[in-house]
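The values are calculated or read from the model by the stated rules, or taken from the named source; none is laboratory data. Quick caveat: nothing in here was measured; it's all calculated off a predicted structure. Cβ: placed from backbone, ideal geometry, glycine included. Neighbour counts: every protein chain shown. Ligands, DNA and RNA are stripped out before the accessible areas are found, and what is left, the full protein with its side chains, is counted by its heavy atoms. Shrake-Rupley method; radii C 1.70, N 1.55, O 1.52, S 1.80 Å.
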Amino acid sequence: VQLQASGGGLVQAGGSLRLSCAASGLTFSSYRMGWFRQAPGKEREFVAGISYSGGTTRYARSVRGRFTISRNNAKNTVSLRMNRLEPEDTAVYYCAARGGPDLSTRDADYDYWGQGTQVTVSS
């Protein structure tokens, strides 16, 4: 199984980025997908999750209304559109796949992880 995240970069506060994650080696439509992030010196935290079909999503309170998660099961991809970025959003962002029964916010509940992509927001 491979999850390949891309799209990170350096952006000014108030700007936007779109992260993508391409999955291979798994039946993508059978997995719930999530995005997590880890800032320097902090624990990894849940950002957003999406159900098999994309019909249900879940967001961390800190990003709700600014970030949008989506998926394309035909292309085995999951994306995270990030608007109105803040310096506090600076972190390495990871995509993850969960074969379990709900949109968990716990990283221990996810089965597969991508390598991460750096997002840096300057003030």
Checklist entry - Restricting the stretch 65-123 to residues that are assigned to a loop (DSSP other than H, G, I, E, B) and hydrophobic (A, V, I, L, M, F, W, C), which is nearest to Gly49 (Cα to Cα)? => result Leu103
Item to check | Residue among Val78, Val119, Val92 that alone is within 22 Å of Arg64 (Cβ to Cβ) and in contact with a Phe, Trp or Tyr (Cβ under 6 Å, 6 or more places away or on another chain) | outcome: Val119
Next on the checklist: Tell me whether the stretch 106-113 contains one or more residues that are aliphatic (A, V, I, L, M) and loosely packed, with under 15 Cβ neighbours inside 10 Å.
Outcome noted: yes
Item to check | Long-range neighbours under 8 Å by Cβ, at least six apart or interchain, first residue closer than 12 Å to Tyr52 by Cβ and open to solvent by 10 Å² or more (accessible area, probe 1.4 Å) within the stretch 19-38, second assigned to a strand (DSSP E or B) and among the β-branched types (Val, Ile, Thr) | outcome: Arg32/Ile50
Checklist entry - Is it fair to say Arg58 is touching a strand residue (DSSP E or B) at 6+ places or on another chain (Cβ under 7 Å) and basic (Lys, Arg)? => result yes
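Each row is one residue, and each column tells you yes or no for (1) of a type in the set (A, V, I, L, M, F, W, C); (2) in contact with a Gly (Cβ under 6 Å, 6 or more places away or on another chain).
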site: Arg58; (1), (2): no, yes
site: Arg61; (1), (2): no, no
site: Ile69; (1), (2): yes, no
site: Ala74; (1), (2): yes, no
site: Glu88; (1), (2): no, no
Checklist outcome for this item: Residue set Thr56, Thr90, Thr77; condition modelled with pLDDT of 95 or more, over 17 Å from Gln4 (Cα atoms) and crowded, with 17+ Cβ neighbours inside 10 Å; output residue Thr90
Item to check | Matching option when the condition is within 15 Å of the chain's Cα centre (by Cα) and open to solvent by less than 20 Å² (accessible area, probe 1.4 Å), among Arg66, Arg61, Arg71 | outcome: Arg66
Next on the checklist: One residue is enough: does the stretch 80-87 have a residue meeting the conditions buried (at least 17 other Cβ atoms within 10 Å of the Cβ), modelled with pLDDT of 95 or more and under 25 Å from Gln2 (Cβ atoms)?
Outcome noted: yes
Checklist entry - If you check every pair at least six apart or on different chains, which have Cβ atoms under 6 Å apart with a residue in the stretch 99-123 that is closer than 21 Å to Arg58 by Cα first and a residue that is surrounded by 16 or more Cβ atoms within 10 Å (Cβ to Cβ) and among the acidic types (Asp, Glu) second? => result Gly100/Asp109
